[in-house]
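So the structure is just underneath, and the comments pick up after that.
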Amino acid sequence: MTTCGRQVAVKRLLLALPERPITRVTLDVGPVVRGEPGLWASLTVAEARDLARRLLAQAALADAGASAERSAVDN
């Protein structure tokens with residue numbers, strides 16, 4: 001559950017077609033408690049990895065920004 005009230009689920013989707021199995025990573029960001037609509041996406045493995053890299057990069061920037069703000073307040 002996010003701080004804004006959304007449930008986030010990441011799962012693997014396997015479509016076992018005999019001629020060509022298809023595997024996807026699904027991202028389901030549920031509606032907010034207030035009922036605002038959520039979203040759902042089906043990603044290829046490459047797309048999921050790219051999204052993961054971008055999320056981690058943004059998290060690192062957010063951590064660095066939060067650390068810099070704490071240092072400024074402490075000084």
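The values are calculated or read from the model by the stated rules, or taken from the named source; none is laboratory data. Model, not experiment: these values are computed from the prediction. Neighbour counts run over all protein chains shown; Cβ positions are idealised from the backbone, glycine included.
Tabulated data
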quantity: Evaluation of Glu69 against (1) modelled with pLDDT under 90; (2) out of contact with any Gly (no Cβ under 9 Å at 6 or more places or on another chain); (3) assigned to a loop (DSSP other than H, G, I, E, B) (one fails), failing number; calculated: (3)
quantity: Filter result for Arg6 (free of Cβ contacts under 8 Å to residues at least 40 places away in the same chain, in contact with a Gly (Cβ under 7 Å, 6 or more places away or on another chain) and outside any helix (DSSP H, G or I)); calculated: yes
quantity: Selection status of Leu56, more than 25 Å from Leu14 (Cα to Cα) and at pLDDT 95 or above; calculated: yes
quantity: Scan of region 29-58 for residues that are acidic (Asp, Glu) and under 16 Å from Thr3 (Cα atoms), ordered by number; calculated: Glu36
quantity: Where a residue in region 46-75 is under 26 Å from Thr26 (Cα atoms) and its partner, wherever it lies, is among the β-branched types (Val, Ile, Thr) and modelled with pLDDT of 95 or more, with Cβ under 9 Å and at least six apart; calculated: Glu47/Val25; Ala48/Val10; Ala48/Val25; Arg49/Val25; Leu51/Val25
